[in-house]
Amino acid sequence: MKKNLIIFACFLMMSACKSQFKNSDYIVVYKTLENQIQEPEYLIIKSKPQTFELNIPMLYSSIIGEWFFSKDTIVISPKYTYEYRNNKSSLLEINDKDTSVISIKQRFHVKGDILIDITDYSIVHPLLKKDNYQKKFERIGK
């Protein structure tokens, strides 16, 4: 039952990004700033409960979890990955032993309506430098 509810919530969140959408008091939607190389990513932050979804169209997946504020920074803590490929969807719990980029806590400095990725990706692999993977998200539907 819980798994079906989470899948349904993922579907609702992803479809909200694709339509004309005005943010409510409980949901704020951010979109990566223009990038000619790949499709935009969406970060959907809900305040009740404090959950998020990071939609990554290029990978046909989303990362779902919890978030919290630490001073002027939003920290997102991944709990699940959702994928849709070959007409099949799957929801997988992220294991504490997983050391991939999608499994680590990500940090975003809040600067007005812009979120700047300040995650230290070198904790996954020393060659992953923060500046090479830094994303910027802009709030949409104000």
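The values are calculated or read from the model by the stated rules, or taken from the named source; none is laboratory data. No experiment lies behind these values; they were computed from the predicted model shown. A quick note on method: Cβ atoms are made from the backbone with ideal geometry, for glycine too, and the neighbour counts reach across all protein chains shown. Quick note on the areas: whole protein, heavy atoms, side chains included, nothing else; ligands and nucleic acids left out. Shrake-Rupley method; radii C 1.70, N 1.55, O 1.52, S 1.80 Å.
Overview of results
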{"read-out": "Some residue of the range 16-29 being open to solvent by less than 20 Å² (accessible area, probe 1.4 Å), assigned to a strand (DSSP E or B) and at pLDDT 80 or above", "value": "yes"}
{"read-out": "Residue match in the range 57-67 (condition: in a strand (DSSP E or B), surrounded by fewer than 18 Cβ atoms within 10 Å (Cβ to Cβ) and of a type outside the set (Gly, Ala, Ser))", "value": "yes"}
{"read-out": "Among (1) closer than 21 Å to residue 29 by Cβ; (2) among the hydrophobic types (A, V, I, L, M, F, W, C); (3) open to solvent by less than 60 Å² (accessible area, probe 1.4 Å) - the single one residue 104 does not satisfy", "value": "(1)"}
